[in-house]
Structures are given as C-alpha cells and as structure tokens.
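Asks: Okay, here's the structure, questions in a sec.
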Ligand SMILES: [Zn+2]
C-alpha cells in the first residue's frame, strides 16, 4: 500500500492511544507513513520517531494560533524557539481550561478539576476536549454538543495567543514546513475571505493545505472552493484523519482518507 495518514493525535494531547498503539494500528492498516501531530506538543511525535518499526514516521505537530491551527512537519524536536512557544501555549491553555471549568459552574454545569485531570496523561495538559470527555461520561451532554451548545453560553476565557505569522515562522525556522489543517472548519467570517486569508498565510510560508479528511456533511459545500484555491496557490494537497480515539470523535478513522505517499515527497520539496 502507498497510503499515509498525516494528522493523528496521541494521549500526549487529547487522543486516547499511545504512539506505540497508534503505530500498531497504522501497520495493521498497511500505511506506509504516519505523522503524530499532537496539539502544542512534540512528546508523542518524538516517541513514535524513536520507536519506529516497518513504517515511516514524519515528525509533526499541530499548533494553536489566534484564529486557527497550523500543522508543522519535519520540525527539529530540539528547536529552542519552537519548544518555548509550545510550552507557553500549553501553560496558557491549562489556565484557560481551569477558568472555563469555573465558568461552567456559573451556568450549572458541574464539573471538578480533579475529574478532568483524570483524563489527562501526565505529559499532556488539560484541554477543553478533556472537559467534554468528562461531561459525556457523566451524561451531562454529548462530546460534540459541549462545543456546539454549551461553550457558546460561556464567556471567552483569556488565553495568550500567537499570530499565524509567528507560528508559521517558528515552524519554518525549526527546519519544518507549515500546512493549514481542516480549512473547512474555519469560521464563517474567515471563510468568506478565504482568498485573502490564504494569500496572507502563504506569504508567511504555508506550503500546503488539507484537502482530504473527515469533512462533516454540512461543510462539504466548502470543498470545491478549498480545492480550487489549493491549485491556484500551487499548494501541496495534504490530509489525514485527525484521529483521536475510538470513543470520541468516532467519525475520524485512522488511515481512512487514502492520503498518497507522494504528499510527503511534495512537502519535502519545500524544505
Ligand atoms: Zn488535529
């Protein structure tokens, strides 16, 4: 087989599986290469890279910026600036998650910090998805319902955020290439000005965008625009499952999206 999956989360962010377990699933599915792209963390990707067996591991990460997220591939795990920024984001996300747990109490959604921490791997950090896992288990609301219906009822919790430019430059300065993940999820406001948004991030150094992945039915109408713009800006069409778990986000199935191996070759040409 000649397929890959370039967007996977491990338990070092908000996934359920260890890098080793992910590698074993990928081998069973006969993938030729994978990338573990944890949120603001390199632990999972590095562990997979050191473990590798019968499968190519592409170093990867997914970093939060002010308005979206940016994927980075082939980054140097030891790069100082990259590590400083992601540590900073993890700290800020931790305190904003604690703030959010407080705010939820104000709207009678009762959840304790300790319950959330039980879901968090010792090298990960508390995220909103961990909160959603607990709420689903307590049958207070569904995982997705938390993001769509409960969260909008709370105020925005403060968190330190970096611009797209800063994140993209940090990835490229760390020897990597930057890719825009799941553009179909961009907010209505940003997607209305997708051309302008894309032109900017390409000028900062983005060389690929995801055009293949778990696109919800209600957002499929955005795909022709995304594919057309990918061609227009001569970007590498990328993709992956955004796999997290077999319990939550079940629509994101590891290895499902037939991302061809030459995606990696095309990205390497931008190094
Ligand atoms: Zn992701």
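Since every read-out is calculated from the coordinates, none of them should be taken as a lab result. Treat the numbers as computed from the prediction; the structure is a model and nothing was measured.
Asks: Post the alpha-carbon centroid distance, the range 29-60 to the range 213-244, in whole angstrom.
Replies: After rounding, the separation between the Cα centres reads 22 Å.
Asks: Follow-up. Let a ≥ b ≥ c be the square roots of the eigenvalues of the Cα gyration tensor of the range 164-271; is it rounded (a/c under 1.5), or, if not, prolate (a/b larger than b/c) or oblate? Before the final figure, lay out the partial values.
Replies: On the way: a/c = 1.61, a/b = 1.21, b/c = 1.33.
Oblate.
Asks: Here's something else I'd like to know. Where is the GNM fluctuation largest for the chain (alpha-carbon springs, 10 angstrom cutoff): 202, 177, 109?
Replies: Checking each option, the largest mean-square fluctuation is seen for 109.
Asks: How high is the relative contact order of the range 147-241? Use alpha-carbon pairs under 8 Å, at least six apart in sequence, and give a whole percent.
Replies: Averaging sequence separation for qualifying contacts and normalising by length gives 30 percent for the range 147-241.
Asks: Before rounding to the nearest 500, sum -39500 (n - 2.57) across all DSSP H runs of length at least 4 in the chain and divide by the residue total; then give [θ] at 222 nm in deg cm²/dmol. Spell out each step's value before the answer.
Replies: Details: 10 runs with 104 residues, N = 271.
Computed ellipticity for the chain at 222 nm equals -11500 deg cm²/dmol.
Asks: I've got another one for you. How far is helix 164-173 tilted, in degrees, relative to the longest principal axis of the Cα atoms in the chain, given as a value from 0 to 90 rounded to the nearest 10?
Replies: Roughly 50 degrees between the two axes.
Asks: Find the Rg to Rh ratio for the chain, where Rh is the Kirkwood radius over alpha-carbon pairs and Rg uses the same atoms.
Replies: Radius of gyration relative to Kirkwood radius: 0.95.
Asks: Still on this structure, I have one more. Please determine, in degrees from 0 to 90 and to the nearest 10, the orientation of helix 194-204 with respect to the longest principal axis defined by the Cα atoms of the chain, where the helix direction is its Cα long axis.
Replies: With rounding to tens, the tilt is 70 degrees.
Asks: Give me the Debye-computed log₁₀ of I(q)/I(0) at q = 0.13, 0.19, 0.28 Å⁻¹ for the range 98-162, equal point scatterers on Cα only, no solvent, two decimals.
Replies: -0.33, -0.71, -1.40
Asks: Taking the 0 to 90 degree range and rounding to the nearest ten, how far is the long axis of helix 80-106 tilted relative to the main principal axis of the chain, both from C-alpha atoms?
Replies: Between helix and principal axis, roughly 30 degrees.
Asks: For Cα pairs less than 8 Å apart in space and 6+ apart in sequence, what is the mean separation divided by the residue count of the chain, i.e. the relative contact order in percent? Mind dumping the intermediate values first?
Replies: On the way: 492 pairs, mean separation 62.7, N = 271.
Answer for the chain is 23 percent.
Asks: Take the chain, connect every pair of alpha-carbon atoms lying under 10 Å apart with a spring to form a Gaussian network, then pick out the residue of 183, 237, 216 with the largest mean-square fluctuation.
Replies: 216
Asks: Using Cα pairs closer than 8 Å and at least 6 residues apart in sequence, work out the relative contact order for the range 95-153, in percent.
Replies: Here the relative contact order equals 25 percent.
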